Amino acid sequence: MHKKIALIRGDGIGPEIVSSAVRVLDKIASVFNHDFTFVEAPMGGNAIDTFGEPLPQSTIDTCLSSDAVLLGAVGGKKWDSLPGVLRPESGLLGIRKAMKVYSNIRPAVLYPSLKNRSPLRDDIAEKGFDLVIVRELTGGIYFGERGYRKGKFGREAFDTECYSEIEIERIVRSAFEIALTRSGKVTSIDKANVLESSRLWRYVFHEVAQDYPNVSTEDMLVDNAAMQLAKNPAQFDVIVTSNMFGDILSDLSSALTGSIGLLPSASLGDSTVGIYEPVHGSAPDLSPNTANPLGTILSAAMMLQYSFDMVSEADSVKSAVQQTLNRGFRTADIFSDGNILCSTSDITDKILQFIK
Ligand code: NAD
């Protein structure tokens, strides 16, 4: 199968980790007889330096004409003093908007071989966990009406949480579709005891659930969900929630896995063309060739699964990552006594060996 993949390498560790993922995709192409073409799409600080803007129109055009986008990370001190719209990170919002992606899918897995890296208590980490957070990405309080005004007691500021039933329905439906490929349970997280927008969320969630009789459902208040993630994350399979709750809970769940460098993500809309990126930033504090590339490599695996419907190929990448970890190969962020310390390129070499 032929696929065109846009590469946004970005800044800091971005180019290194994207190169690792490209090596893995090349290996998949040769083992499974596919043809992947890679097209460069500059974005972030490097694009500011070259084109004077973080997201050139040519990058948007390249991404829109590709089958999927693989993104490293953007940003760094050099560009921190620029005004908001000119900062590297504004490119992230711009490309998500241009590609109309509204569903952010973030798996978080505590691998058996990394239990000792998790901040969870031993008896909780012992059970491991494998969950997916499906976060609404383009609505809610981050995009609602906002402003300043003069109130009775001086200056006031406000932000508004607003969800339409169409926005809720499409994100909930994508969570149910993912649950069908897993153990078949969706937990919807809201604050329906207080918020009107959450009550509509819960109502629509149960309406959509009627189309998925084989998936079990559960509602949970967000405050309880934070507690349950810390006390018993193994109880979750697929979690679906709003933009702000998802932002907070997905960072919590990523911290529980041992390193932010391990976590992939996918952002999808109505089409199969998605943006795939690790959840971390450009890590400017790291020395060259020391970053953990697994989050980006696992993002490439999500691309194979969700954009290209190449499930065996995605499984092959995930299995190679597990085998690499099981044999004790580790980058510095997940290294413990008795492991074999690897550079970014070394651990990528190991993963390639396990893809057969
Ligand atoms: P960060 O995620 O870059 O780093 C946080 C910590 O995690 C650092 O100690 C870093 O060394 C470590 N870390 C991150 N990725 C790692 C990896 N793959 N392997 C090993 N360790 C890793 O967050 P930050 O320090 O707050 O931000 C740095 C820059 O990245 C900023 O300019 C920020 O705006 C930008 N940023 C970009 C994105 C993105 O491109 N999606 C996301 C978050 C932050």
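The values are calculated or read from the model by the stated rules, or taken from the named source; none is laboratory data. Computed from a predicted model, the values in this text were never measured in an experiment. So basically every Cβ, Gly included, is an ideal-geometry build from the backbone, and we count neighbours across all protein chains shown. Just so you know, the surface numbers come from the protein's heavy atoms only, side chains and all, with ligands and any DNA or RNA stripped out. Shrake-Rupley method; radii C 1.70, N 1.55, O 1.52, S 1.80 Å.
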(request) Using the charge dipole of the stretch 119-256 (Lys, Arg: +1 at Cβ; Asp, Glu: -1 at Cβ; taken about the Cα centre), state which of Ser242, Phe129, Gln210 has its Cα farthest towards the positive end. (result) Ser242
(request) If a/c stays under 1.5 just call it rounded; otherwise compare a/b with b/c (prolate if a/b is bigger, oblate if not). Do that for the stretch 286-339, with a ≥ b ≥ c from the square roots of the Cα gyration tensor eigenvalues. (result) oblate
(message) I need the GluC sites (Glu not before Pro) found in the stretch 41-138, filtered to DSSP loop residues with at most 14 other beta carbons within 10 Å of theirs.
(response) Glu126
(request) Please get the size of the charge dipole for the stretch 119-256, origin at its Cα centre, with Cβ charges of +1 on Lys and Arg and -1 on Asp and Glu, quoted in debye to the nearest 20. (result) 460
(message) Apply the a/c threshold of 1.5 to the C-alpha gyration tensor of the stretch 92-132 and tell me whether it is rounded, prolate or oblate.
(response) prolate
(message) Suppose every Lys and Arg Cβ carries +1 and every Asp and Glu Cβ carries -1, with no other charges. What dipole size does the chain come out with about its Cα centre, to the nearest 20 debye?
(response) 400
(request) Quick one: which residues, 5+ away or cross-chain, put their amide H under 5 Å from the amide H of Ile133? H built at 1.01 Å from N. (result) Arg106, Ala108, Ile239
(request) First select every other residue whose beta carbon is under 14 angstrom from the beta carbon of Leu262; then total the charges, Lys and Arg +1, Asp and Glu -1. (result) +1
(request) Please state, to two decimals, what the Cα-based radius of gyration of the chain comes to when divided by 2.2 N^0.38 Å (N = residues). (result) 0.99
(message) Could you identify which residue out of Pro42, Pro278, Pro293 has the top mean-square fluctuation in a GNM of the chain using Cα springs shorter than 10 Å?
(response) Pro42
(message) Going through the cross-link list Lys4/Lys350; Lys78/Lys356; Lys150/Lys191; Lys77/Lys356; Lys4/Lys97; Lys78/Lys115, which pairs have a Cα-Cα distance over 31 Å in this structure?
(response) Lys78/Lys356; Lys77/Lys356; Lys78/Lys115
(message) If you consider only alpha-carbon coordinates, what radius of gyration and Dmax does the stretch 58-132 have, in Å?
(response) 18.3, 51
(request) Find how much the distance from Gln323 to Lys4 grows on full extension, using 0.36 nm per residue of separation minus their present alpha carbon separation; answer in nm with one decimal. (result) 112.0 nm
(message) Quick check: the distance between the Cα centres of the stretch 124-157 and the stretch 1-47, to the nearest angstrom?
(response) 32
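In the chain, which whole DSSP H runs stretch at least 15 Å along their own axis (Cα) and average 0.0 or higher on the Kyte-Doolittle scale?
Details: long enough: 14-32 (27 Å, 0.85); 165-180 (22 Å, 0.54); 196-209 (20 Å, -0.44); 243-256 (20 Å, 0.65); 311-326 (22 Å, -0.28); 344-354 (16 Å, -0.09).
The answer, listed by residue number, is 14-32, 165-180, 243-256.
Measuring with a 1.4 Å probe in the full set of protein chains, what accessible area per residue, in whole Å², belongs to the stretch 119-256?
Details: 7160 Å² over 138 residues.
Spelled out: the 1.4 Å probe surface of the stretch 119-256, per residue, equals 52 Å².
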(request) Grab the DSSP H runs of the chain that are 4 residues or longer, score each as -39,500 (n - 2.57), total them, divide by all residues and round the 222 nm result to the nearest 500 deg cm²/dmol. (result) -12000 deg cm²/dmol
(message) Just to confirm a number: summing +1 for Lys and Arg and -1 for Asp and Glu over residues other than Thr160 whose beta-carbon lies under 12 angstrom from that of Thr160, what do you get?
(response) -3
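Which order do peptides 17-25, 312-320, 249-257 fall in by mean Cβ count within 10 Å, highest first?
Working: 17-25: 23.6, 312-320: 18.6, 249-257: 20.4.
By packing density, highest mean first, the sequence is 17-25, 249-257, 312-320.
About its Cα centre, what dipole magnitude does the stretch 1-131 give when the only charges are +1 on Lys and Arg Cβ and -1 on Asp and Glu Cβ, stated in debye to the nearest 20? It would help to have the intermediate numbers written out before the result.
Values: 16 positive and 15 negative charges, 46 e Å.
The dipole magnitude comes to about 220 debye.
How would the stretch 119-256 be classified by its alpha-carbon gyration tensor: rounded, prolate or oblate, with rounded meaning a/c under 1.5 and the a/b versus b/c comparison settling the rest? The partial results should precede the final answer.
Numbers: a/c = 2.51, a/b = 1.40, b/c = 1.79.
Because a/c hits 1.5 or more and a/b fails to exceed b/c, the stretch 119-256 counts as oblate.
Would you please calculate the Kirkwood hydrodynamic radius of the stretch 96-161 over all C-alpha pairs and express it in Å, rounded to one decimal?
Details: mean 1/r = 0.0632 Å⁻¹.
The Cα-based Kirkwood calculation yields 15.8 Å.
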(message) Probe radius 1.4 Å, ligands and nucleic acids ignored: give me the carbon and sulfur share of the accessible area of the stretch 305-356 as a rounded percent.
(response) 46
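What does DSSP give for the chain in terms of the percent of beta bridges that are antiparallel, rounded to the nearest 5?
Details: 19 of 48 bridges.
Percentage antiparallel, nearest 5: 40.
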(request) Take the alpha-carbon centre of the stretch 49-79, take the same for the stretch 293-356, and report the distance between them in whole Å. (result) 25
(message) Can you give me the % of accessible surface on the stretch 119-256 that is carbon or sulfur? Probe 1.4 Å, all protein chains present, nothing else counted.
(response) 53
(request) Taking H placed 1.01 Å from N in the peptide plane, check which residues at least 5 places from Val39 or on another chain put their amide H under 5 Å from its amide H. (result) Ile5, Ala6, Leu7
